[in-house]
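Below you'll find the structure, written out as structure tokens, and then a few comments.
The values are calculated or read from the model by the stated rules, or taken from the named source; none is laboratory data. For clarity, every value in this text was computed on a predicted model and none was experimentally measured. With ideal geometry, Cβ positions are generated from the backbone for all residues, glycine too; neighbour counts draw on all protein chains shown.
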Amino acid sequence: MSTNKVRTMLALALAGVLVLVAGTAGVVWLLARDAEPHEPELTAYAHGTAVTVPPFRYCTVRMQDCRQGETAFLEVPAGDPLQISLPDEIVGTPWELLPLYARADGEVVEKPSSYRDHPQDVRALTVDSRPEPGLELIGVELQVMIIAIDEAGNEFPIPHAVWSIKTA
């Protein structure tokens, strides 16, 4: 076979590959263009069961386009920890974790922590289901905070996104 024929066949094969790559990129672009924006989800795990937790409430950082969801449920037996995996969209943001506990008499006790209480860029959180005798975990909220400014110019944190897990 002559050198010119080999070069011609290689050029045609390369052109075919380029057309295939361009076509695939075009299809992916068309599909992604019309895709709905994805709201971050948590993964919660306890006692051999994992659940995906969509936002209970989710707004843009300008507190617009707020959407309401539902509280997820995951049974967490007393003595077993609740583990929460954070998606990339939450890692490195200012968040607060609000575990709620109940005493036998019905009193509800909150034991909050925040991103400041954990290593930087933490990706998983562990919540003790019984941090002390007489307290039972009944639920957890994770809130991603933004700074708001009121009419007087005072700054304060408010959650623009909330994930809620009922555990009892």
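Filtering the stretch 121-135 to residues that are outside any strand (DSSP E or B) and farther than 15 Å from residue 167 by Cα leaves 121, 122, 123, 132, 133, 134. Regarding residue 45, is this residue of a type in the set (Phe, Trp, Tyr) and either under 25 Å from residue 132 (Cα atoms) or without any contact (Cβ under 8 Å) to a residue 60 or more places away in the chain (or both)? Answer is yes for this residue. Keeping to the stretch 144-168, report how many residues are over 24 Å from residue 103 (Cα atoms) and touching a Pro at 6+ places or on another chain (Cβ under 8 Å). Here the count works out to 8. In this entry, residue 89 passes the filter for residues that are touching a residue at least 24 places away in the same chain (Cβ under 8 Å) and either of a type in the set (Asp, Glu) or buried (at least 16 other Cβ atoms within 10 Å of the Cβ) (or both). Selection of the stretch 92-110 for residues being among the hydrophobic types (A, V, I, L, M, F, W, C) and either surrounded by 15 or more Cβ atoms within 10 Å (Cβ to Cβ) or modelled with pLDDT of 95 or more (or both) yields 95, 97, 98, 100, 102, 108, 109. Of 158, 138, 84, all but one fail to be at pLDDT below 95 and in a strand (DSSP E or B); the exception is 158. Scanning the stretch 141-155 for residues that are out of contact with any Asp or Glu (no Cβ under 6 Å at 6 or more places or on another chain) and aliphatic (A, V, I, L, M), we see that the one that is modelled with the lowest pLDDT is 148. Taken together, the residues in the stretch 87-120 that are in a loop (DSSP other than H, G, I, E, B) and either of a type outside the set (D, E, K, R) or touching a Leu at 6+ places or on another chain (Cβ under 6 Å) (or both) amount to 12.
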